[in-house]
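Only the coordinates and a few stated rules stand behind these numbers; no lab work does. Keep in mind it's a predicted model, so treat the numbers as computed, not measured. Cβ: placed from backbone, ideal geometry, glycine included. Neighbour counts: every protein chain shown.
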Amino acid sequence: MTSGAQKTQDLLGIMTAQPVIPVLKIANVADAVPLARALAAGGLPAVEITLRTPAALDAIRAVAVEVPEAVVGAGTILDARQFDAAAAAGSRFIVSPGFTLQLAAAAANSRVPLLPGAITPGEIMAAAEAGYSILKFFPAAEAGGAAFLKALASPFAGIRFCPTGGIGPANAAHYLALDNVVCVGGSWVAPDTLVAAGKWGEITDLAREAAALKRA
């Protein structure tokens, strides 16, 4: 069995390559490939496709096969069954809003790195005991935002976070300025209205602006 900690470098390679990970809810599989291409063209090749729609797994498969420049991940993974399905579909990283022993066991037996969610000190300690040092912080804005994450830096000096939820161009820089934030997740780079209209050029422009954000 391989511990989650042993895939930390793989996950860090993805998380540190760009300041923003687009979080995508894809309703129409046909949108997946042009959307991933548009985001990659703007400097955001790594994308998280959430399992919030029936089309999600097919969208992951399509991007994995047809967009070699993309690094496709799966989000909103809630259990081991979904983890295995997302990995089989071609996900190169997997994101969960929380952390459970079942998910940890699935990740331990997979080559695909897991980014589990944790908010409270107890949840962070449980994930750290299981070997995880990079965690999702969700929902970031509702859980205390950048101020709360800053307060976590001292007691959890070895933990780094990818905050998601309520983050946009107006406040992303506040999170990225923190030493314990490795990147942020957000959906603002691919608004539903632009995706539905197929305005891929405008999405590339939004991605380019997000890719230019500075980290600590």
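Of note:
- Of the criteria (1) in contact with a strand residue (DSSP E or B) (Cβ under 9 Å, 6 or more places away or on another chain); (2) among the aliphatic types (A, V, I, L, M); (3) not in a loop (DSSP other than H, G, I, E, B), which one Ala143 fails: (3)
- Exactly one residue out of Ile14, Ile60 is among the β-branched types (Val, Ile, Thr), part of a helix (DSSP H, G or I), in contact (Cβ under 8 Å) with a residue 40 or more places away in the chain and within 25 Å of Leu103 (Cβ to Cβ), and it is Ile14.
- Residues of the stretch 161-191 satisfying the condition of being in contact (Cβ under 8 Å) with a residue 60 or more places away in the chain, of a type outside the set (Val, Ile, Thr) and either surrounded by fewer than 23 Cβ atoms within 10 Å (Cβ to Cβ) or not in a loop (DSSP other than H, G, I, E, B) (or both): Cys162, Ala172, Leu176, Gly185, Gly186, Ser187
- Residue that is surrounded by the most Cβ atoms within 10 Å (Cβ to Cβ) [pool: residues in the stretch 192-216 that are over 13 Å from Gly43 (Cα atoms), basic (Lys, Arg) and touching a residue at least 60 places away in the same chain (Cβ under 8 Å)]: Arg215
- Single match in Ala107, Ala151, Ala126, Ala157 (criterion: of a type outside the set (Asp, Glu) and under 18 Å from the mean Cα position of the chain (by Cα)): Ala107
- Scope the stretch 65-92; condition of a type in the set (A, V, I, L, M) and surrounded by fewer than 19 Cβ atoms within 10 Å (Cβ to Cβ); matching residues: Val65, Leu78, Ala80, Ala85, Ala88
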